[in-house]
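S.K.: Please find one structure pasted underneath; my questions will follow.
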Amino acid sequence: MVSNLSVHAGPAGRTERLGRTRSAVFEGLRKALKTSHAVRHQAGLEFVVAPELAGDGQPVRRFTAKYAAAVYPLLAGLTGGFGEQLPDPAAAQLIDLLATLHQVPAGPRWQGPVADPALALRGELAAGAADQAGGQAPSGRPISHS
């Protein structure tokens, strides 16, 4: 897998999924891939597809300022298309797998790194929403900028 670490996407301007800088985006990607490896190998969830680790224990290598690469094992199976609706049996199986994933307890059983799930640019989004809504959320409460 090769990942574009860009914080800009298309003519619409900036999209900030994991951070405001390429270094922050890379660090977010590294944490996510390290977590997937821990969930597969330490928590034992073999359905989680995780990258192989390099000799230094890292799941991804940055090879330019803009690009990083991770190496995954070759797995037998079929891929689907993004946004493709699954048939009912496959959808039920996916729900079961997601439920299993979310039941993995944190703690000594597996030591995946903790990534901050904070919404990037939350303050700016809240300020824009406040401007549009006269400073109040639909509930009537003031919009928080934190």
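S.K.: Does A68 satisfy the criteria of being within 16 Å of L5 (Cβ to Cβ), crowded, with 16+ Cβ neighbours inside 10 Å, among the aliphatic types (A, V, I, L, M) and at pLDDT 90 or above?
M.R.: Answer is yes for this residue.
Residues checked against (1) in a loop (DSSP other than H, G, I, E, B); (2) of a type in the set (D, E):
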position	(1), (2)
R40	no, no
Q58	yes, no
T64	yes, no
Y72	yes, no
E84	yes, yes
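S.K.: Right, here's the next one. Can you name every residue in the range 42-65 that is in contact with a strand residue (DSSP E or B) (Cβ under 8 Å, 6 or more places away or on another chain), surrounded by 15 or more Cβ atoms within 10 Å (Cβ to Cβ) and under 20 Å from L98 (Cβ atoms)?
M.R.: The one that is in contact with a strand residue (DSSP E or B) (Cβ under 8 Å, 6 or more places away or on another chain), surrounded by 15 or more Cβ atoms within 10 Å (Cβ to Cβ) and under 20 Å from L98 (Cβ atoms): A43.
S.K.: What are the residues in the range 22-70 that are among the hydroxyl-bearing types (S, T, Y) and more than 16 Å from the chain's Cα centre (by Cα), if any?
M.R.: T64, Y67
The values are calculated or read from the model by the stated rules, or taken from the named source; none is laboratory data. Because the structure is a prediction, the values reported are computed rather than measured. FYI the Cβ positions are ideal-geometry reconstructions off the backbone, even for glycines, and counts take in every protein chain you see.
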